[in-house]
Amino acid sequence: MYAKIFKRLIDILLSGMILVCFWWLFALVALFVRLKLGSPVIFHQTRPGRNEEPFGLCKFRTMTDERDEKGELLPDSVRLTPFGTFLRKTSLDELPEIWNIFKGDMSFIGPRPLLMGYLPYYREEERVRHSVRPGLTGLAQVSGRNFLGWDERLATDVEYVNSISFLKDIEIIFKTVAVVLKPSNVAADTETVEPYLWEVRKKRPECTEQPEEKSEAEPVVETDLVAEAEPVVETDLVPEEKSTANKIQGEFDTPCYILHLSKLDAEIDKLKAALKEYWPNSCYGYSVKTNGLPWFVNYARTQGFMGEVVSSDEYYLVRNIGFEPKKIIFNGPVKDYDAFLEAIGTGAIVNIDSNREIEWLESNLAKLHPETRIGIRCNFNVEKECPGESSGDEFGSRFGFSYENGDWKRAWDRLVNMGITPAGVHMHVGSHTRSIGIYEAIARQAVKLKREYNIEFGFIDIGGGYFGGMENRPQYKDYLAAVSKILVMEFDKEKTMLIMEPGTSLVSAPFEYVTRVVDVKDTYASRIVTVDGSRNDVDPLHTKKSYFMDIVSNDGTEASSGAEVTSEACCQEGNHPKQLVYGYTCMESDRLMILEEKPELKTGDEIHLDKVGGYTMCLTPLFIKYFPKVYLEKEGKLSVIRDKWTPKEYLMKSELPKEVRKFEPPKVWHD
């Protein structure tokens, strides 16, 4: 009774009294913040509330906006002033949250509202913390505040939710007063507290991170990453996540990729089932840029996928593979003129992403096919709702027409004025976290466009960027449940088509990469293991921190599975304290991993790396060695779906003197 009724009544009465009686304190703090830190006075950030519904958290700002010569924000420790430190230690920066309590976003007592980007990283039992309203203070805050580790902090939140009572809330209030009066457990310098939850959980066995998944739509090199960390081996894959290539060991050349058809079909079935349940009026386009392997692109076609392309090369690739124009989604700001004209003249879905495309339309109205569907990509401030989650960061995305400055509506009106009724809107947002919150923000923006401009959309394209192939991450059904719940507020499922553009979520899990040990030696510093593959084949941008892997010895036994290595493993016979595994290139950075307390590798042993299909093969450089073989595994049998490249393929399209061409290549080139 207390948790369901009286707790909320107390929140309303007490927060209302504070707002009325202490308005002068709010005004005084606001004045000092304005004078010492500048404008805006209030810091707004989207946080997950009850049932993970996002709300706008309000605080007094505590840091400046100081930037370096490149325009990038300085570290928090530099921007946090003595006055900001005072506000944090006295908790005066939290005062505006009283308004959140009055509105019903929060409660006085409850688990603190954390970042939206943390949602994919909670364990299932920890999600119960969101079954109640978040609090201004809570049990975790009076048990250590910032200095509790993440596991202990979240466990304390769950403990509170499972035992809410009036007496416990009173106890927490008195302890909070004591903590505020003696604020020894508040981290004034944010760099002294534990790292972000996603940084911690990426390294945890029970929260293994799929390392290749950065951003499905527009892969970017993270220029603001900390110094490159040594990649580590993910040590506790669950059995179904382990490599299956050891079952067909000896039947393939290395290095190679192996595409497991059953895993691919499973991901496709999940996508189709989720769309059928939550938005039957839908279509799905395979994001060709994530992996343009022709066999894979063609298989996607046979499974009913449209081809989602972002360049003329990709457009003509899918046309040559057999996609009809009406089964193509043409995105991106770098379409070329000829491909653009063919697309609009043959009935494709074309999402406009640049002013020149509008000009091309204007001068080629007569060529527009009556069944061509024109959409306009919307650029909006997703960072405001999901701080730190989008690929554009604080600089914003470069794709689409801006909603905030009115460019999107002006682009829409330009098409209408030339006699074209746009069919829909393209809403894709590149994301670091792939959180459900990103897609909820996309859906809310689509609803906002409908309400503000009274526009009927024939389709809403929410793009790609989903997790895939991992049981402890959001599934297609989770994304679609969240998106449909918001979209139905303004859109009819039968009249508005929903478009999804999965790429990495489909292609990552089915692929594995196999490489063999070719040499083992010791230097004065390290044990060096050289393999016939390269980090360039599985981590072209050299940004990964971990891999899903198995090691298979050359006698056919599993030398090291995904099972967790305990502390006793270092004493087991045959283990080596540290082995550095390098690829075939001449670059010292071509280090795939460091194996600590793992079985000693020998020449001929295999290393199997799972979930490597996304943004790997398409970015692999032709450096020293050329593209490796790609096999299809179906029911335990292998077939080659792309042969190894040799100098013969490398010389294609090259102009050379005729006498050079007389050189007869060795037979191995033809094998």
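The values are calculated or read from the model by the stated rules, or taken from the named source; none is laboratory data. Predicted model, so just to flag it, every value in this text is computed and none were measured. FYI the Cβ positions are ideal-geometry reconstructions off the backbone, even for glycines, and counts take in every protein chain you see. The accessibility values were calculated without ligands, DNA or RNA, using every heavy atom of the protein model including side chains. Shrake-Rupley method; radii C 1.70, N 1.55, O 1.52, S 1.80 Å.
With outside any loop (DSSP other than H, G, I, E, B) and without any contact (Cβ under 8 Å) to a residue 40 or more places away in the chain as the only criterion, which of 410, 414, 444 stands out?
The match here is 410.
Does residue 83 satisfy being out of contact with any Asp or Glu (no Cβ under 8 Å at 6 or more places or on another chain), open to solvent by less than 70 Å² (accessible area, probe 1.4 Å) and of a type in the set (Phe, Trp, Tyr)?
yes
Given the structure, is residue 77 surrounded by fewer than 17 Cβ atoms within 10 Å (Cβ to Cβ), among the hydroxyl-bearing types (Ser, Thr, Tyr) and either touching a helix residue (DSSP H, G or I) at 6+ places or on another chain (Cβ under 6 Å) or part of a helix (DSSP H, G or I) (or both)?
yes
For the stretch 96-108, how many residues meet the condition of being surrounded by 21 or more Cβ atoms within 10 Å (Cβ to Cβ) and assigned to a loop (DSSP other than H, G, I, E, B)?
Residues that pass the stated criteria total 2.
Looking at the stretch 287-304 only, could you name the residues that are out of contact with any strand residue (DSSP E or B) (no Cβ under 6 Å at 6 or more places or on another chain) and of a type outside the set (S, T, N, Q)?
Hits for the stretch 287-304 are 289, 292, 293, 294, 296, 297, 299, 301, 304.
If only one of 487, 506 is under 20 Å from residue 296 (Cβ atoms) and crowded, with 16+ Cβ neighbours inside 10 Å, which one is it? Can you show your working first?
Working: 487 fails: under 20 Å from residue 296 (Cβ atoms).
Matching residue, one of 487, 506: 506.
Confirm whether residue 13 is of a type in the set (A, V, I, L, M, F, W, C), under 29 Å from residue 163 (Cα atoms), surrounded by fewer than 17 Cβ atoms within 10 Å (Cβ to Cβ) and modelled with pLDDT of 90 or more.
Values: of a type in the set (A, V, I, L, M, F, W, C): yes; under 29 Å from residue 163 (Cα atoms): yes; surrounded by fewer than 17 Cβ atoms within 10 Å (Cβ to Cβ): yes; modelled with pLDDT of 90 or more: yes.
For residue 13, the condition - of a type in the set (A, V, I, L, M, F, W, C), under 29 Å from residue 163 (Cα atoms), surrounded by fewer than 17 Cβ atoms within 10 Å (Cβ to Cβ) and modelled with pLDDT of 90 or more - is met.
Only one of (1) open to solvent by 10 Å² or more (accessible area, probe 1.4 Å); (2) part of a helix (DSSP H, G or I) is not met by residue 346, so which one is it?
Condition (2) is where residue 346 drops out.
Take the stretch 326-343 and flag every residue that is open to solvent by 20 Å² or more (accessible area, probe 1.4 Å) and in contact with a strand residue (DSSP E or B) (Cβ under 6 Å, 6 or more places away or on another chain).
Correct list: 327 only.
Any residue at all in the stretch 378-393 that's under 27 Å from residue 337 (Cα atoms) and in contact with a Lys or Arg (Cβ under 7 Å, 6 or more places away or on another chain)?
Within the stretch 378-393, none of the residues are under 27 Å from residue 337 (Cα atoms) and in contact with a Lys or Arg (Cβ under 7 Å, 6 or more places away or on another chain).
Hey, could you check the stretch 475-500 for residues that are charged (D, E, K, R) and in a helix (DSSP H, G or I) and say which is farthest from residue 274 (Cα to Cα)? Steps first, please.
Here is the first cut: in the stretch 475-500, the ones charged (D, E, K, R) are 477-478, 485, 490, 492-495.
Add one more test, that the residue is in a helix (DSSP H, G or I), and what stays is 477-478, 485.
On the way: 477: 5, 478: 8, 485: 14 Å.
Among those residues, the one meeting the criterion is 485.
Quick check on this structure: which one of 228, 222 is within 21 Å of the chain's Cα centre (by Cα), modelled with pLDDT under 95 and open to solvent by less than 70 Å² (accessible area, probe 1.4 Å)?
Only one candidate qualifies: 222.
List the residue pairs whose Cβ atoms are under 9 Å apart, where the first residue sits in the stretch 129-150 and is modelled with pLDDT under 90 and open to solvent by less than 30 Å² (accessible area, probe 1.4 Å), the second is outside any helix (DSSP H, G or I) and among the basic types (Lys, Arg), and the two are 6 or more positions apart or on different chains.
Matching pairs, first to second residue: 140/112.
If the Cβ limit is 6 Å and pairs must be 6+ apart or interchain, which residue in the stretch 480-504 that is of a type in the set (Ser, Thr, Tyr) pairs with which residue that is open to solvent by 10 Å² or more (accessible area, probe 1.4 Å) and in a helix (DSSP H, G or I)?
484/278
Of (1) surrounded by 13 or more Cβ atoms within 10 Å (Cβ to Cβ); (2) at pLDDT below 70, residue 175 satisfies all except one. Which?
(2)
So in the stretch 349-387, with the set limited to residues that are of a type in the set (Asp, Glu) and over 24 Å from the mean Cα position of the chain (by Cα), which one is surrounded by the most Cβ atoms within 10 Å (Cβ to Cβ)?
For the stretch 349-387, the residue satisfying everything is 357.
Of the residues 53, 125, only one is under 22 Å from residue 381 (Cβ atoms), modelled with pLDDT of 85 or more and under 31 Å from the mean Cα position of the chain (by Cα); which?
53
In the list 308, 314, which residue meets the criterion of being buried (at least 20 other Cβ atoms within 10 Å of the Cβ) and part of a helix (DSSP H, G or I)?
Every option except 314 fails the conditions.
Going through 11, 65 one at a time, which residue ends up being under 22 Å from residue 390 (Cα atoms) and not in a strand (DSSP E or B)?
The match here is 65.
Residue pairs, Cβ under 6 Å, 6 or more apart or interchain, first in the stretch 639-657 and within 20 Å of residue 293 (Cβ to Cβ), second open to solvent by 60 Å² or more (accessible area, probe 1.4 Å) and among the charged types (D, E, K, R). List them.
none
Looking at the stretch 636-663, which of the residues that are outside any loop (DSSP other than H, G, I, E, B) and in contact with a strand residue (DSSP E or B) (Cβ under 8 Å, 6 or more places away or on another chain) is most open to solvent (accessible area, probe 1.4 Å)?
640
Does residue 633 meet the test of being of a type in the set (Asp, Glu), assigned to a strand (DSSP E or B) and either more than 22 Å from residue 544 (Cα to Cα) or open to solvent by less than 50 Å² (accessible area, probe 1.4 Å) (or both)?
So residue 633 passes the test.
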